[in-house]
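Following: one structure in structure tokens, then a few remarks.
The values are calculated or read from the model by the stated rules, or taken from the named source; none is laboratory data. Since this is a predicted model, take the numbers as computed values, not measurements. FYI the Cβ positions are ideal-geometry reconstructions off the backbone, even for glycines, and counts take in every protein chain you see. Keep in mind that these areas ignore ligands, DNA and RNA; they rest on the heavy atoms of the full protein, side chains included. Shrake-Rupley method; radii C 1.70, N 1.55, O 1.52, S 1.80 Å.
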Amino acid sequence: MVFAILTLWLGAAFAAASYPALTGRVVDGANLLSAATRNTLEVKLKDLEDKSQIQLEVATVTSLGGMEIEPYANELFRSWKLGQTKQNNGVLLLVAPNEHRVRVEVGYGLEGTLTDAVSKVIIANAMTPRFKAGDFEGGITRGVDDIITALTTDSASWQPMPQIRNVDQQSPIDTIMPFIVFAIFIVVFISILRGGILGQIVLSMLLNGGGR
């Protein structure tokens, strides 16, 4: 009985999450994009695939069916079989406006290029501010542009820049200066003990200075 109830519950959960069909490079189920914007995005995505073999798809949905966006995006990615099988170089940009969620799902072959950190930067900087202002077209377009840039340029340029050294922070010279002074003192001290010229000069300067 328990097993039957669990089976029905799981079946209902999966049935609630309906995945759209792959009808093009842009599947705008939430109707966020104008025809002109969809066409512009289609051209960009085709150009990316022609030049790099990377398959980048854009999807908007009216509902995630009660699922979190991460598993939904993962299942949709698998359902659409994005990217080449051997290279696993697909990318999915998923937008769920009613749940206020965005996800960039990346195939294993591109995880070293389009990292989670880079995806978060793109979503936070390029997309979310525009979405909050009601500009879904601008946010999605900018997000696509930045994803393409990240995929086709040096990924290092997307990493956080190192913090500028604080002006109060010591330089390497400042750090080793006490050791230099100590080493000079030892050399002079040994020279004085051995009666060397350097020791005699320093000793004379000290005596003359002390006699004033």
Residues in the range 60-80 that are more than 12 Å from Arg103 (Cα to Cα) and either among the polar types (S, T, N, Q) or under 22 Å from the mean Cα position of the chain (by Cα) (or both) total 3
Quick one: Ala21 ticks every box in (1) at pLDDT below 95; (2) in a loop (DSSP other than H, G, I, E, B); (3) open to solvent by 40 Å² or more (accessible area, probe 1.4 Å) except a single one, so which number is it?
-> (1)
Show the residue pairs that are 6+ apart or on different chains and have beta-carbon atoms under 7 Å apart, the first residue being within the range 94-119 and in contact (Cβ under 8 Å) with a residue 24 or more places away in the chain, the second being assigned to a strand (DSSP E or B) and of a type in the set (D, E, K, R).
-> Leu94/Arg103; Leu94/Glu105
Among the residues of the range 122-144, write down those that are under 26 Å from Asp50 (Cα atoms) and under 15 Å from the mean Cα position of the chain (by Cα).
-> Ile122, Ile123, Ala126, Met127, Gly143, Val144
Out of the range 53-80, which residues are within 22 Å of Leu151 (Cα to Cα) and open to solvent by less than 60 Å² (accessible area, probe 1.4 Å)?
-> Ile54, Gln55, Leu56, Glu57, Val58, Ala59, Thr60, Ala73, Asn74, Leu76, Phe77, Trp80
Are any residues in the range 82-114 of a type in the set (Val, Ile, Thr) and touching a strand residue (DSSP E or B) at 6+ places or on another chain (Cβ under 8 Å), and if so, which ones?
-> Val91, Val95, Val102, Val104, Val106
